[in-house]
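Written out below as structure tokens is the structure these notes cover.
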């Protein structure tokens, strides 16, 4: 079996190193989501994925791979990472999982400097967690994965122990009902109380990050939460979903979450890029939207850095 991103191939640098290098060299904080919904693939778009004179792909696997390939090529120059959400592939059974693996392999082969963050939100105990880690890292070839913290540090040990891979732990999500549990008050180190999401951030930044491979997930729709998280986790990369279709505030996100280097955020956009057009020009439109968002992020980064008395990164 061809494991495209096995441990042997990635140990020369940590995930954090590779992510930082990509951000700096490409000048981007944009994370491009790859969330295909084949029901939205128009006949014109599908025809556009085929070489001239070729017949349209006749299987869901081939359609997913062809569409992803076009999006990847159009947006890679503007991406600090790609983020496929496993649910959109699992929904297609074996064909979808094959398409996911092939899409990750394609990124590694054509754009080896752009890491792949699998959005799977895994988290379980014992042998189940070990199997999830093997599937994400050794079978699918992901460079990093999103994880749920609810079962505690020991449940995530099979992921955290993989120092060459990234572990992005869900902290505060972007949905409207996020606060029902995430804002519950718990004991804080100073004897006072703090919301549960902040306690998660403290633990991840502290004892959970012994391998130096942890990050956090905080939604752009809650900039105040992001600001508090950055205060207790000043050096961790933070994946920020919610920009684009979910309406997160870009400037507020940057003001709340940039680290001391003016970086440290993976600002994720999926639908607004992936479906920038549903016509034959879908790939070109995706590339144009990725460029626009990359540029908007960088312009606001410069403004934020200037107004905080620091030089733009």
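Points worth noting:
- Residue check for residue 280: crowded, with 24+ Cβ neighbours inside 10 Å, assigned to a loop (DSSP other than H, G, I, E, B) and in contact with a helix residue (DSSP H, G or I) (Cβ under 6 Å, 6 or more places away or on another chain): no
- Evaluating residue 220 against the criteria (1) part of a loop (DSSP other than H, G, I, E, B); (2) surrounded by fewer than 22 Cβ atoms within 10 Å (Cβ to Cβ) leaves one unmet condition, (2).
- Taking the range 47-163 as the region of interest, the helices (runs of 4 or more DSSP H) fully inside it that hold 3 or more residues being at negative phi and surrounded by 15 or more Cβ atoms within 10 Å (Cβ to Cβ) are 60-75, 93-110, 126-133, 153-160.
- Selection of the range 243-263 for residues being modelled with pLDDT of 85 or more and farther than 15 Å from residue 228 by Cβ yields 249, 250, 251, 254, 260, 261, 262, 263.
- The combined condition, being part of a helix (DSSP H, G or I), at pLDDT 95 or above, within 20 Å of residue 20 (Cα to Cα) and in contact with a helix residue (DSSP H, G or I) (Cβ under 8 Å, 6 or more places away or on another chain), is fulfilled by residue 230.
- Within the range 164-202, the set of residues being crowded, with 16+ Cβ neighbours inside 10 Å, assigned to a loop (DSSP other than H, G, I, E, B) and over 16 Å from the mean Cα position of the chain (by Cα) comprises 164, 178.
- Selection of the range 267-276 for residues being touching a residue at least 24 places away in the same chain (Cβ under 8 Å) and either buried (at least 17 other Cβ atoms within 10 Å of the Cβ) or in a loop (DSSP other than H, G, I, E, B) (or both) yields 267, 268, 269, 270, 272, 273, 274, 275.
- Single condition residue 236 does not satisfy, out of (1) within 20 Å of residue 149 (Cβ to Cβ); (2) surrounded by fewer than 17 Cβ atoms within 10 Å (Cβ to Cβ): (2)
The values are calculated or read from the model by the stated rules, or taken from the named source; none is laboratory data. Because the structure is a prediction, the values reported are computed rather than measured. Don't worry about glycine lacking a Cβ; one is built from the backbone with ideal geometry, like all the others, and counts go over all protein chains shown.
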